[in-house]
Amino acid sequence: MISTTLQCVYNDDLDRTKLLMKRFTPEERTAALVSRTVKWGRSLLFVAIAQGRTSLVDFLLNKCHANTQQRDERDTTTLMAAALAHQPDVMRSLVHHGADVNAFADGQPLVRFCCPLGPDIV
């Protein structure tokens, strides 16, 4: 199930992702599919962020209760991951959903990673 859902995220298949997620209770979706590490120490949310799948990021945050404050195995925040992947639309979505723009990652203020993408991001 997770590999199928992961493939949907890679393919930007929001409709199929929604269909797969309906099989689980909200708690199961969060625990098993959103917060769980699925590939390279990253959750589905991080995979969607890296791929620039804004609609999937919004779905994972709104309907599956993904946490904008979660970090991957390298202590990278969701917002930092979006900045490093050059995904300004995803960054805006994460900030809109409450990502902490004052967070530190790798001993650096997060804003350091966001500034090269333009002043409207933060």
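None of the figures in this text is laboratory data; all of them are computed from the coordinates on show. Small disclaimer: the values here were computed from a predicted structure and weren't measured. We place every Cβ from the backbone using ideal geometry, glycine too, and count neighbours over all the protein chains shown.
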Practice problem: Kindly rank 45-54, 66-75 from highest to lowest mean number of other beta carbons found within 10 Å of each residue. | Solution: 45-54, 66-75
Quiz item: Expressed in nm to one decimal, what extension gain is obtained for the pair Phe24 and Gln7 from 0.36 nm per residue of sequence separation less their Cα-Cα distance?
Solution: 4.3 nm
